[in-house]
1. Going Cα to Cα from Lys183, which aspartates and glutamates come in below 14 Å? Please leave out same-chain ones fewer than 8 positions away.
2. 5 Å is the cut-off here: which amide hydrogens, built 1.01 Å from N in the peptide plane, fall below it relative to Gly164, excluding neighbours closer than 5 in sequence?
3. So for each of 326-339, 192-205 I average, over its residues, the number of other beta carbons within 10 Å; can you give me the resulting order with the highest mean first?
4. If amide H atoms are built 1.01 Å from N in the plane of the peptide, which residues on other chains or at least 5 residues away come under 5 Å of the amide H of Gln308?
5. Might you report the magnitude of the Cβ-based charge dipole of the chain about its Cα centre, with Lys and Arg at +1 and Asp and Glu at -1, to the nearest 20 debye?
6. Which entries in the list Lys92/Lys138; Lys101/Lys217; Lys217/Lys380; Lys260/Lys314; Lys167/Lys331; Lys101/Lys244 go over 26 Å, if you measure between the two C-alpha atoms of each?
7. Apply the Debye scattering formula to region 165-314, with a single equal point scatterer on each alpha-carbon and no solvent, then give log10 I(q)/I(0) at q = 0.08 Å⁻¹.
8. For a bin width of 10 Å, list the pair-distance distribution of the chain built from all Cα-Cα distances, rounded to whole %.
Amino acid sequence: MKKRTLLSMAMVATMALATFTGCGGSREGAATTDTAAETTEEAETTEAPAEESFPGFEDGATIGVSLPWLGTQNWKEAEEMFTAQLEEAGYKPIVQAADQKVTQQQQQIESMIENGAKVIVVGPVDGSQLGAVLEQAKEAGVYVIGYDRLLENTSGVDGVVQFGSVKTGELQAQALLQGLEEKKGEAPYNIELFGGGPADPNAPNFFTGAMSVLQPKIDDGTLVVVSGQTDFTQCATVDWDNAKAQSRMDSLLAGNYSDKEIDGVLSPNDGIARAIITSCENAGQEIPVVSGLDAENESVEWVWSGRQYSTVAKPTNDLVAKTIEIIDSLKAGNGMPATDVEVDNGVKNVRIYELPPVVVTKDNAKEVFANDPSRLELLK
Ligand code: BGC
């Protein structure tokens, strides 16, 4: 096992997961019950070690932002917000997306290094496939910040800004259980499970968090996974592709539900949730309780109209603002800010700047979006 100096049980489990995920095969890990954000009691504050030096850089510096794709609303928002807010903060942004292609992302990062970027912000297509190019960035004196997803198996990372990923899965599963009780009468409930893209380090974490809540309910008979498919590898959706999720749901329904009702589905994000719901509607099923993630506009409308039960908000604006705060600290020569969470990425302990995700149902939507006029507008 790799060296670990970690802080809480939850992060130990998350870390174990991160370590396993490096091989690109099975990404299952130990279930956790809590998030790092809530388990900082035992944490030691991370200060930059004395030997680490963080030279600042000039106003107007070039900042690279490399996003995995623009296939979900959060990444489109990140593209727009980084461009606008980096400019506003006096930087010269280069913001690019890699269309789910690892090689394209490697080339984009190389060209950002050649263009003199002082910081490169990276949401990886595949968390474990950027080691060499990020190490190249570090050798060139570029700071590297992971954005929304962990950068695994590389020393070429200074820190990662993200929403608690295990916590996200827990919230999705808790909402699923709550929705089943509210909408589907007495247990037992027939459910199916979906995971996100297996190359994305978040996806197994979301699933692990969700299963920590669901597994005991499967074991005691409250929940019945009719297909029997409960492993992440069986449930994952390659490339987070909604069409692939819809066709898996079509097959699950055709193969297992000709004489049964489906009551609920664990979905890792909103696009996949809408694909699942559409598949159920096409099969003539009553709409099951379905979880989600991202508070995408379309899903916020579906939650409001009762078509999708829940989503989880992880405001892009907050994540971008946190990232720019770190860039400002680096520019001033103050280095990476202190944080009380670290994760072993397989090669080193990485500072994690973690924000809290928030579950959204019809009941609390107006509250959650009170300061988000464009989403509030959808609640009519
Ligand atoms: C992000 C989600 C997004 C998914 C697919 C994940 O890493 O955290 O917000 O829905 O990628 O783009």
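Please treat every number below as a calculation from the coordinates, not as lab data. None of these values were measured; they are calculated from a predicted model. Quick reminder, even Gly has a Cβ in these numbers, built from the backbone with ideal geometry, and neighbours come from all protein chains shown.
1. Reachable aspartates and glutamates: Glu261, Asp263, Glu286, Asp363.
2. For Gly164, whose amide H was placed from the backbone, the distant partners under 5 Å are Leu355.
3. Numbers: 326-339: 16.9, 192-205: 26.1.
For the peptides 326-339, 192-205, the packing ranking is 192-205, 326-339.
4. Val303
5. Working: 28 positive and 58 negative charges, 99 e Å.
The dipole of the chain has a size of about 480 debye.
6. Details: Lys92/Lys138 20 Å; Lys101/Lys217 38 Å; Lys217/Lys380 35 Å; Lys260/Lys314 35 Å; Lys167/Lys331 32 Å; Lys101/Lys244 17 Å.
Over 26 Å apart, Cα to Cα: Lys101/Lys217; Lys217/Lys380; Lys260/Lys314; Lys167/Lys331.
7. The computed values of log10 I(q)/I(0) come out as -0.17.
8. With a bin width of 10 Å, the distribution comes to 5, 25, 33, 24, 10, 3, 0.
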